[in-house]
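Visitor: Mind looking over this structure? Questions follow.
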Amino acid sequence: MKKASVTVPASTANLGAGFDCLALALGLRNTVELYETKQGLEIDVEGEGAERVATDTTNLTYRAAQAVFEKTGYRPPGLRLHAVNGIPVGSGLGSSSAAIVGGLAAANALVGGRLSRQELLRLAMEIEGHPDNVAAAIFGGLTLVSASGEELLVKSLPVPPLKVVIALPDLRLSTAQARAALPQHVPLEDAVFNIGHAVFTVQALTAGDFELLRRAMNDRLHQPYRKRLIPGYDAVAAEARKAGAVAVALSGAGPSLVAFAPERHGEIADAMKAAFEAHSLPCRTFILPVDRQGVQVSVVSL
Ligand code: HSE
């Protein structure tokens, strides 16, 4: 039986100023196993948020796999898809991107790796609607991406070993809701502010320069509009800084926040959790390293 097994990392997108352009892959993974069977479709999901994930043809991983089969003209007689999720769903940690990239990469392995990572990225963007998390899930590391119409620039940069703290409040906030909170037009001054802060955020992360990161990780394009959707946002960020974080940002579209620090990660996690709980939001925390590898195809039997 043909089988492909892949693992895909979580990611934290935007990194403050880099709205839809920057993301960092993180050491927390989903696994996707895709089997070619004689007939029919069987999908089962276990792990994080399994009860919230569709197991019919609307399943994101399945749709992504289909996109590869359509693009390459391959028609498997039947499929079995088994997903084991380590990434919390709807968290701001790129779970939907990981689901999509897992389906793309597994299907691509079944067709003999005919599509390049760049081609997989284009398919992933079409399904996800924004490019930053899917780029990080594919390429790993600190990913820079610029997608506009047909133009697609992508580059993954290595970063020195680094851990981040994620505080995930028990709050339902979809990416669609968080994007709907954004204005269609922004002042030129704010756009310029973000361009400058984004380039210095890249410099700070690639150099492991936490003092620069403290000054660079700031944003005027999305966080000011989104933070009102997250009770306690300012208090959580302030408590993280008090506990030793040099920078705090909304992780992707939220609801999780990400804190950067050279040390004291446990104390920062505790402080963020306590601050969310003071706003009546139960909170889970994660201390995660940066992932340098991106999607990995671990087993292929053809
Ligand atoms: N750049 C996207 C956004 C990331 O902020 O909407 C979503 O995870």
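Visitor: On average, how much area does the Cα convex hull of the chain cover when viewed from any direction, in nm²? Write out the running numbers ahead of the final one.
Guide: Numbers: hull surface 58.6 nm².
If I average the Cα hull's projected area over directions, I get 14.7 nm².
Visitor: To the nearest 10 square angstrom, how much accessible area does Met125 have with a 1.4 angstrom probe?
Guide: Accessible area of Met125: about 40 Å².
Visitor: Right, next: Quote the FRET efficiency, to the nearest 0.05, computed for Lys242 versus Ser116 with a Förster distance R0 of 41 Å and r equal to the Cβ-Cβ distance.
Guide: Working: r = 46 Å, r/R0 = 1.12.
Computed FRET efficiency for Lys242 and Ser116: 0.35.
Visitor: Using the structure shown, list the pairs from Lys163/Lys227; Lys38/Lys71; Lys155/Lys242; Lys155/Lys227; Lys3/Lys71 with a Cα-Cα distance above 27 Å, or answer none. Display every interim value, and only then the final one.
Guide: Working: Lys163/Lys227 24 Å; Lys38/Lys71 21 Å; Lys155/Lys242 34 Å; Lys155/Lys227 29 Å; Lys3/Lys71 19 Å.
Too far apart for the 27 Å limit: Lys155/Lys242; Lys155/Lys227.
Visitor: How large is the dipole of the chain about the Cα centre if only Lys and Arg carry +1 and Asp and Glu carry -1, each at its Cβ, rounded to the nearest 20 debye? If you can, show how the numbers build up before the last one.
Guide: Working: 28 positive and 29 negative charges, 57 e Å.
About 280 debye.
Visitor: What does the highest-first list of 158-164, 100-106 look like by mean Cβ count within 10 Å? Write out the running numbers ahead of the final one.
Guide: Working: 158-164: 14.9, 100-106: 31.1.
Averaged packing, sorted descending, gives the order 100-106, 158-164.
Visitor: Another question, if that's okay. Treating the angle as unsigned and between 0 and 90°, give the value, to the nearest 10°, between the Cα long axis of helix 117-128 and the longest Cα principal axis of the chain.
Guide: Once rounded, one gets 70 degrees.
Visitor: Could I have the simple spin-label model distance between Ala54 and Asp190, label points 7 Å from Cα toward Cβ, reported in nm to one decimal?
Guide: Result for the modelled spin labels: 3.3 nm.
Visitor: Suppose R0 equals 22 Å; then what is the FRET efficiency for Asp270 and Asp234 from their Cβ-Cβ distance, rounded to the nearest 0.05? Don't skip to the answer; put the middle values down first.
Guide: Working: r = 18 Å, r/R0 = 0.83.
That pair, Asp270 with Asp234, gives E of 0.75.
Visitor: Using the per-residue mean of other Cβ atoms lying within 10 Å as a proxy for protection, in what order, highest first, do the peptides 57-70, 6-19 fall?
Guide: Working: 57-70: 19.2, 6-19: 28.1.
Output ranking for 57-70, 6-19: 6-19, 57-70.
Visitor: Ratio of Rg to Rh for region 1-127, alpha carbon only, Kirkwood?
Guide: Values: Rg = 14.2 Å, Rh = 14.7 Å.
Rounded to two decimals, Rg over Rh is 0.97.
Visitor: Sticking with this structure for a sec: In terms of Cα to Cα distance under 19 Å, which aspartates and glutamates are near enough to Lys273, apart from those fewer than 8 places away along the same chain?
Guide: Asp170, Asp234, Glu239, Glu263
Visitor: Next up: Cβ neighbours within 10 Å, averaged per peptide: list 33-41, 196-204 in order, most packed at the top. Intermediate values should be presented prior to the final figure.
Guide: Numbers: 33-41: 15.0, 196-204: 19.8.
Sorting 33-41, 196-204 by mean packing, highest first, produces 196-204, 33-41.
Visitor: Just to confirm, what accessible area per residue do you get for region 212-251 at 1.4 Å probe, in whole Å²? Write out the running numbers ahead of the final one.
Guide: Details: 1670 Å² over 40 residues.
Solvent-accessible surface per residue comes out at 42 Å².
Visitor: What nm value, rounded to one decimal, do you get for the distance between Ala180 and Val299 when each label is placed 7 Å out toward the C-beta?
Guide: Output for this residue pair reads 4.2 nm.
Visitor: While we're on this one: Please compute the length gained on full extension between Leu41 and Glu277, using 0.36 nm multiplied by the number of residues separating them and subtracting their Cα-Cα distance.
Guide: 80.7 nm
Visitor: Nearest 10 degrees, 0 to 90: what angle lies between the long axis of helix 188-207 and the longest principal axis of the chain (Cα atoms)?
Guide: 80 degrees
The values are calculated or read from the model by the stated rules, or taken from the named source; none is laboratory data. Computed from a prediction, not measured in an experiment: that's the story for all the values here. Glycine gets a Cβ as well: all are built from the backbone with ideal geometry, and neighbour counts include every protein chain shown. When the accessible area is computed, the model is the full protein with side chains, heavy atoms only, and any ligands, DNA or RNA have been set aside. Shrake-Rupley method; radii C 1.70, N 1.55, O 1.52, S 1.80 Å.
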